[in-house]
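A.B. asks: Before I ask anything, let me first share the structure, which is written out below as structure tokens.
Values in this text are rule-based calculations from the coordinates and carry no lab data. In this text the structure is predicted, and so the values were computed from the model without any measurement. Cβ: placed from backbone, ideal geometry, glycine included. Neighbour counts: every protein chain shown.
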Amino acid sequence: MPAQVGEVVALGEQPLGEDLLGGQDALAAAPGLALVVFNGKTAARALPRWRDAGLATLVLPSTSPAYTLPLVAKVDAWRAAVRA
């Protein structure tokens, strides 16, 4: 079922690769998609594909415990993105 406008769509822990839903394929699956948010810089390697499809993109701090930014800073960044 296609995503609805305003719905949050999570792709989960898929490996980065050509099989990753992105760009024009995503527009077909979720025509109301307006913003793609990446969980850290590694995920953001797919950013050009989404941007080239005409979508707004945003890179947020990784939620991984290995990324040592204080938790409060991560939460603040993610909350601000959700509210935007």
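A.B. asks: If you average the sequence gap of Cα pairs under 8 Å that are 6 or more apart and divide by the length of the stretch 24-83, what percent do you get for the contact order? Please list the in-between numbers first.
C.D. replies: Values: 53 pairs, mean separation 17.8, N = 60.
Relative contact order here is 30 percent.
A.B. asks: Still on this structure: On alpha-carbon atoms, Rg over Rh for the stretch 24-83 using Kirkwood Rh? Provide the component values of the computation, followed by the final result.
C.D. replies: Working: Rg = 12.8 Å, Rh = 12.5 Å.
Using only Cα positions, Rg/Rh for the stretch 24-83 is 1.03.
A.B. asks: Roughly what would the spin-label model give for VAL75 and ALA28, points 7 Å off Cα along C-beta, in nm?
C.D. replies: 4.1
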